[in-house]
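Undergrad: Here it is, the structure, as structure tokens.
The values are calculated or read from the model by the stated rules, or taken from the named source; none is laboratory data. For clarity, every value in this text was computed on a predicted model and none was experimentally measured. Cβ: placed from backbone, ideal geometry, glycine included. Neighbour counts: every protein chain shown. These area figures cover heavy atoms from the full protein model, side chains too; ligands, DNA and RNA do not enter into them. Shrake-Rupley method; radii C 1.70, N 1.55, O 1.52, S 1.80 Å.
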Amino acid sequence: MTTEINEQDVIAPGALASGASYSNRINPCEAVAGEITVILHTAPGGNEAGTAQRYSRNTAHVHEALKILAAHGYVPVRLAESPLPVSIIAFSKDDPLLVLVISARKPVPSAARLRTDYPGAVEYLCPMAARLHCRIMIWVYSPACGWRYYRVYPGGLAYDHRFPSSLED
């Protein structure tokens, strides 16, 4: 058996996730047991694609929110690594729902406090509420207040006093 290696098959030396500083791996290759493979997608120009605007939301509170939505007849889907500040998309009949789940250490007792503490998400979702024909909510969990449910409108936020009956509209 002869093995032929071409120059384009060899990966240039560089840092590996395992901590090794150089590699002479041949591409394509099989995974080595115990080694983590990291693939970075780059945008034109060499920068990592979308790293500054991606949100990772895999917390226990997101999974709890999924269960709450499922209990009210929705089919919830968790979004991971989404460029949108939305944790869950839930579907029910003809009523799609977008939910941002926030785990807060400090209490968030009002919509004004939510806007103050999380201005980026609120400023992104309010104009989105004007463009999309679906309900958008922000669910905040804090140890002091428990769950607080806010409805997003084009002009701002409002605490949803009718929750969970508002999910059944």
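Undergrad: Quote the relative contact order of segment 56-159 in percent (integer), defining contacts as alpha-carbon pairs under 8 Å separated by 6+ residues.
TA: 22 percent.
Undergrad: Length gain on complete extension for the stretch T59 to S103, per 0.36 nm per residue less the alpha carbon to alpha carbon distance?
TA: 15.0 nm
Undergrad: Principal axis extents for segment 56-159, Cα atoms only, whole Å, descending order, please.
TA: On the principal axes, segment 56-159 reaches 33, 30, 25 Å in Cα extent.
Undergrad: Something else now. In terms of solvent-accessible area of protein heavy atoms at a 1.4 angstrom probe, what is the ranking of E123, E64, highest value first?
TA: E123, E64
Undergrad: If I take R0 = 35 Å and measure r between the Cβ atoms of A112 and S82 in this structure, what FRET efficiency does the formula 1/(1 + (r/R0)^6) give, to the nearest 0.05?
TA: 0.85
Undergrad: Which whole-Hz couplings ³J(HN,Hα) result when phi for each residue of segment 85-92 is put into the Karplus expression 6.51 cos²θ - 1.76 cosθ + 1.60, θ = phi - 60°, listed in order with x for Gly and Pro?
TA: With the stated coefficients, segment 85-92 comes to x, 10, 8, 9, 10, 10, 10, 8 Hz.
Undergrad: Here is a follow-up. Charges on Cβ only, +1 for Lys and Arg, -1 for Asp and Glu, centred on the Cα centroid of segment 73-169; of G155, S87, C145, which one is farthest towards the dipole's positive end?
TA: Value computed over the given set: C145.
Undergrad: While we're looking at this one, here's another question. To the nearest 0.05, what FRET efficiency results for E123 and K93 with a Förster distance of 30 Å applied to their C-beta separation?
TA: So the FRET efficiency works out to roughly 0.50.
Undergrad: I'd like the accessible area for V108: 1.4 Å probe, protein heavy atoms, all chains in place, Å² to the nearest 10.
TA: We get 0 Å² for V108.
Undergrad: How would W147, W139 line up by accessible area, probe 1.4 Å, largest first?
TA: My answer, sorted largest first, is W147, W139.
Undergrad: Separate question: Solvent-accessible area of R162, probe 1.4 Å, all protein chains present, reported in Å² to the nearest ten, please.
TA: R162 has an accessible surface of roughly 130 Å² with all protein chains in place.
Undergrad: Just to verify a number: what accessible area does H72 come out at with the full protein assembly present, 1.4 Å probe, Å² rounded to tens?
TA: The accessible area of H72 comes to roughly 50 Å².
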